[in-house]
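Encoded as structure tokens, the structure appears first; notes follow it.
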Amino acid sequence: MSMDNITLTTAIRQSPAVRGMPNISNKITARDVNVYYATKRALKEINLDIEEHRVTALIGPSGCGKSTFLRCLNRMNDTIDICRVEGQIALDGQDIYARVIDTVQLRARVGMVFQKPNPFPKSIYDNIAYGPRIHGLAQRGPEMDEVVRSSLERAGLWGEVKDRLKEPGTGLSGGQQQRLCIARAIAVSPEVILMDEPCSALDPIATAHIEELIDELRTSYTIVIVTHNMQQAARVSQKTAFFHLGEMVECNDTEEIFTNPRDERTQGYITGRYG
Amino acid sequence: MTDLAHDTVMRRSAYQSEAFEARLRQRYRAERRFQVAGIASIAFAAVMLVVLLTTIVMNGYTAFWQSRFDVEVLFDPEAITPSGSRDPAVLAVGDYAALVRQALQAELPDATGRDGRRALMEMVSTAAAYDLRNMVLAHPEIIGTRQKVSLLASDTADQFIKGHIPRNITEDKRKVSDRQMAWIDLLAAHGVLTTHFSLDVLTQSNSRQPEQAGMWGAVIGSIMTMLVTLGLSVPIGVAAAVYLEEFAPRNRWTDLIEVNINNLAAVPSIVFGLLGLSMFLNFFGMPRSSALVGGVVLALMTLPTIIIASRAALKAVPPSIREAALGIGASPLQVVIHHVLPLAAPGVLTGTILGLARALGETAPLLLIGMVAFVVDVPGSLSDPATVLPVQIFMWSDGSERGWIERTSAAIMLLLGFLIIMNAIAVYLRKRFERRW
Amino acid sequence: MQTTLLLTVIAVLSVVGYLVGRNRAVAIAGGRLSTLHSVPPYHGFYVALWAGVPALILLAGWVSCEGPIIMSLVLGQLPAALIPQDAQALTLLQTDILNLAAGVSTGREPDPAVADAARLYNSFHTLAESCLLALGAALAVTGLILAKRQIRTELRARNRVEATLNVLLILCSLVAILTTVGIVLSLLFEAIQFFTKVPLTDFLFGLHWNPQTAFSGDVSGSFGAVPLFTGTLLITLIAMVVAVPVGLMAAVYMSEYAAPTVRAVVKPVLEILAGIPTVVYGFFAALTMAPAIRDLGNALGLDVSSQSALAAGVVMGIMIIPFVSSLSDDVINAVPQALRDGSYGLGATRSETIREIVLPAALPGIVGAVMLAVSRAIGETMIVAMAAGLAANLTANPFAAVTTVTVQIASTIRGDQEFNSPKTLSVFGLGLVLFVVTLILNVIALRVVHKYREKYD
């Protein structure tokens, strides 16, 4: 991916980043996190703070560990047998790898949107209602209808699908499917939403849609987004962390990272020398 | 938007509420129940397997022990050849049962009278007299002498000694009378009636008497049938797979063949029996009850399995190998024969063995083409009447004497032994030659 | 035995042909093999094919036509008075002649004329065999010589050999089709004969199955197959009640929960269960399961037959467990991991994910698997033959004895029937029903599974 500094700076200028929000606090703090796949070390000594109500972008070349790190934040790596996580990751000051923490509860609080849209083979309505139903957040009937409506509205999909809620979610277009997945995540009222390259399978128009959506959602949720696309990181995030070969090289305000990287490797990456 | 944020805060607390915790506990209970159901399912299957195998082995291993009377027999010339002739034709019709009776009466002096004699002879197998006759025919010089002979006990006596006939029920419900029971105990105590390890159940051919019945004929019949099946299904199956996978154009015709093969693989085996009956026996007039027809029917039944397995093995050979060989000027057939088939051979072989293992255990179609005929002789050629192990099992299981259960179980042990060996070879081949491209 | 001799002769001549052809090609090339269009072994194969194939075709044709031709010759020699008009008696006469000729005792003193006919048959047969041997050998030698003469440097031996082999391969792949055609024709042919004696509707909808009494008089009332159909359905249903939940749950546990070590133990256990011959299950059902169920039922105060549908059905279910579980395992593994991740990401537990996402997504495939299992249960013979018995009761009581389509087929036919009695022919009517029903189930199931696989590929 090549790109020169001028377009990057422009992208940042245009981004509707809100500076100086009052009492910013750390939602998630990661300390000395190491991840191993069998014996291979995939992440080395990661220290990173995720601030509340802001969008944090994780960037870096493929295989650098950014997705692995993201999946640590709601313990999705637990589903992989050979994966082992060391160190401490705290959500609101509580270690999420502590024994007392329940993954079901954790994942309800830290939702996730995946690289490829993965709507369930159910109706649009049931896709949204699934989470609230299993967690007992809403009763069947008008209460659930309301949750479905508000979730779809917040994901900007209500207008497009309100007349065909009974149709299968797999029948939507790629961009709509991804917004359905976002609506599905919102429906369980998480505190944090993790997004793993949510636009990589989408066309530019759908991507723009999702990016706008992310910016709107920032007021209610803390968002961590992994992206391959530096312009996207620049457009949607307030903070950016650069990963390289399993290490977190640099983390700073997005504007800082793109205009004034401290580390040579960061500079090399954002100026397109590798990636 | 402010009420949205407020809403979120409200819901967030929902995840830490008592109600949510209670619901969570309930969800985890459901989770455990679900897992237990899964484990229980697997345990059910495993327990059934263990029960089945235990039943068979517990019932079957005693068939390898046979009870015999070790007695001294006087080869009384009066009974064998009253005329004194040594002509084999005369010797063959002698009253050998009398010799048996006298030998036992020597041990049990109270076994006299009509009822006593009958009760006595019920304890000895009919084979005992035949054995004595064969001894005399082979060595006429023993006439008039006393010889130590081991006489085969009858099924009733044998089963009683092995404890399969309970003692503590009333006499009229028991196959062994109180008198016979006392005799048997006495003979056993004197060391006349003993039970020894014996492979007769394997090496003898079939009989109507359970204590004499062996499965050698069925083993030979099975081997002959399998050879026919192997000889037909493997060449035809592999050739068909090669054609369909390597040469056939993709059109409606080959699609039809493919659908047809898949469906044929799921046709009930008994339908193949009907095909054999009406086509091979009735129309072509092939010899009924023969290993030849049995083999042909099983070959047709196994063919789809072999074709499907062989095609999978051929498909697993990467196209780069074919391209490489074609690139140096080999003809398509040479490519297949020299390069693709050798690489696919382990897969083809594994599929073949598994297909044959299924054919070896198959019973129903063979019933229809008459392989249930009672065959005493070991079949000498492919067109002789023959039976196979599974059919033998089916026929023996129908017998009313207690001894048949033992024999049937032993036959099952042998059949399962064959199948385990075949499957073990298939697993070994798969492990040894498995290749990932 | 002359046939075996001829086969040996053909085999030897083919080998000779190969050597002759190869050497001839080498000789013609005169040390410069590259002048040959095809390498010498192909010339060898070319000659060998010419020596073998025509003779083999002759042999096959001869063997299939010999019997009827000789029989018609023999019948021509018989006094006209002996030849019956009606087809049934004619078949009987022919069988007698064949049996006498083969030296099989018919159990009664043969008519001298028939005995003569048998002798005549044998002499014709011997003559025919000798002719065949001579003709076959001559044909093989001629083929060999003619082919050898054709050998020149420009002979396209490879192409011709390969074209022949290609035909051979096509023929082999047609065997499967021919088998199906053979099944359909033999079932249809005999079944139609049956339906001329017993109307189709009486057969399909009649409520009484009693072929033993059908020797004379009103045959159609004895061949009502409904009790057999209901018996088959009852046992199949019981088997499915056992096999589907157990097999499905086992597959779910194996693919979603079990650690690799557990899987390494359980998979072989299920494979052994799948590899046990049905006759062994039948023995187990009759020896262990049926008495156990009867005793249990009696202890509970129920009237349980010693050959209950329940015993046969349960054992059949056990037999089908591995079938259901391995098919379901494939189907469940085909559900993309992304769907599971999506559900876990929302905070669903494993069982919620399986029940609400994985199983519904896999449903079409599972339905296909169950249909295949049903077809398997309907066609299963030995378990029911050994444990369910022959009583054609029209009942839905699982504790009663019932009989099935397959049991009736297997118990009526023992390979030595007269082909004309309605009892024997009825078997083909049943076979036809069995074939059609399982075929429909299989076709639909295979389609469903195929479509399902495509969806997630």
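Structure data summary
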| quantity | calculated |
| --- | --- |
| Subset of the stretch C:314-330 (residues that are in contact with a Ser or Thr (Cβ under 7 Å, 6 or more places away or on another chain) and aliphatic (A, V, I, L, M)) | C:Met319 |
| Output for the stretch A:120-133, where each listed residue is more than 8 Å from chain C (Cβ to nearest Cβ) and open to solvent by 10 Å² or more (accessible area, probe 1.4 Å) | A:Ser123, A:Tyr125, A:Asp126, A:Arg133 |
| Single match in B:Ala37, B:Ala79, B:Ala30 (criterion: surrounded by 15 or more Cβ atoms within 10 Å (Cβ to Cβ), within 12 Å of chain C (Cβ to nearest Cβ) and assigned to a helix (DSSP H, G or I)) | B:Ala37 |
| Condition met for C:Ser411 (in contact (Cβ under 8 Å) with a residue 24 or more places away in the chain and open to solvent by 40 Å² or more (accessible area, probe 1.4 Å)) | yes |
| Residue match in the stretch B:305-314 (condition: at pLDDT 90 or above and facing chain C (nearest Cβ under 9 Å)) | yes |
| Members of the stretch C:192-229 found to be within 14 Å of chain B (Cβ to nearest Cβ) and modelled with pLDDT of 90 or more, listed by number | C:Ile192, C:Leu228 |
| Every residue from the stretch C:315-338 that is open to solvent by 70 Å² or more (accessible area, probe 1.4 Å) and within 14 Å of chain A (Cβ to nearest Cβ) | C:Gln337 |
| Residue that is touching a Lys or Arg at 6+ places or on another chain (Cβ under 9 Å), closer than 30 Å to B:Leu292 by Cα and facing chain B (nearest Cβ under 10 Å), where the choices are C:Thr424, C:Thr406, C:Thr412, C:Thr349 | C:Thr412 |
| Residue list for the stretch A:169-201, filter: in contact with a Ser or Thr (Cβ under 6 Å, 6 or more places away or on another chain) and either away from every other protein chain (no Cβ under 14 Å) or over 27 Å from A:Leu106 (Cα atoms) (or both) | A:Cys199 |
| Residue match in the stretch C:139-149 (condition: within 30 Å of B:Glu246 (Cβ to Cβ), in contact (Cβ under 8 Å) with a residue 24 or more places away in the chain and of a type in the set (Val, Ile, Thr)) | no |
| Qualifying residue in the stretch B:312-332 (condition: assigned to a helix (DSSP H, G or I), open to solvent by 10 Å² or more (accessible area, probe 1.4 Å) and within 30 Å of B:Ile270 (Cβ to Cβ)) | yes |
| Only one of B:Val391, B:Val348 that is more than 12 Å from every other protein chain (Cβ to nearest Cβ), assigned to a helix (DSSP H, G or I), touching a helix residue (DSSP H, G or I) at 6+ places or on another chain (Cβ under 8 Å) and in contact (Cβ under 8 Å) with a residue 12 or more places away in the chain | B:Val348 |
| Residue list for the stretch C:28-56, restricted to those being at pLDDT below 85 and aliphatic (A, V, I, L, M) | C:Ile28, C:Ala29, C:Leu33, C:Leu36, C:Val39 |
| Filter pass, B:Val372 being modelled with pLDDT under 90, under 17 Å from the mean Cα position of the chain (by Cα) and not in a helix (DSSP H, G or I) | yes |
| Strands (runs of 3 or more DSSP E) (entirely within the stretch A:30-112) containing at least 1 residues that are within 14 Å of chain C (Cβ to nearest Cβ) and open to solvent by less than 60 Å² (accessible area, probe 1.4 Å) | A:83-91 |
| Helices (runs of 4 or more DSSP H) wholly inside the stretch C:198-314 that include at least 1 residues being open to solvent by 40 Å² or more (accessible area, probe 1.4 Å) | C:200-205, C:226-252, C:260-275, C:290-299 |
| Scan of the stretch A:134-152 for residues that are within 13 Å of chain B (Cβ to nearest Cβ), at negative phi and touching a helix residue (DSSP H, G or I) at 6+ places or on another chain (Cβ under 7 Å), ordered by number | A:Ile134, A:His135, A:Leu137, A:Ala138, A:Val147, A:Ser151 |
| Number of positions in the stretch C:364-403 that are within 11 Å of another protein chain (Cβ to nearest Cβ), part of a loop (DSSP other than H, G, I, E, B) and of a type outside the set (Ser, Thr, Tyr) | 1 |
| Qualifying residue in the stretch B:238-250 (condition: among the acidic types (Asp, Glu) and in contact (Cβ under 8 Å) with a residue 60 or more places away in the chain) | yes |
| Residue that is touching a Phe, Trp or Tyr at 6+ places or on another chain (Cβ under 6 Å) and within 23 Å of C:Ser186 (Cα to Cα), where the choices are C:Gly429, C:Gly379 | C:Gly429 |
| Considering residues of the stretch C:140-180 that are of a type in the set (A, V, I, L, M) and open to solvent by 70 Å² or more (accessible area, probe 1.4 Å) only, the residue farthest from the other protein chains (Cβ to nearest Cβ) | C:Ile145 |
| Number of positions in the stretch B:252-304 that are facing another protein chain (nearest Cβ under 7 Å) and of a type in the set (Lys, Arg) | 1 |
| When residues of the stretch A:216-252 are limited to those that are of a type in the set (Asp, Glu) and not in a helix (DSSP H, G or I), the one surrounded by the fewest Cβ atoms within 10 Å (Cβ to Cβ) | A:Glu247 |
| Criterion violated by B:Gly214 - all others in (1) part of a helix (DSSP H, G or I); (2) more than 14 Å from every other protein chain (Cβ to nearest Cβ); (3) not hydroxyl-bearing (Ser, Thr, Tyr) satisfied | (1) |
| Some residue of the stretch C:437-456 being within 30 Å of C:Asp303 (Cβ to Cβ) and assigned to a helix (DSSP H, G or I) | no |
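The values are calculated or read from the model by the stated rules, or taken from the named source; none is laboratory data. Just so you know, these numbers come straight off a predicted model, no measurement behind them. Counting neighbours? That spans all protein chains shown, and the Cβs are built from the backbone with ideal geometry, glycine included. Each accessible area value is taken on the protein alone, full model and side chains, heavy atoms only, with ligands, DNA and RNA left out. Shrake-Rupley method; radii C 1.70, N 1.55, O 1.52, S 1.80 Å.
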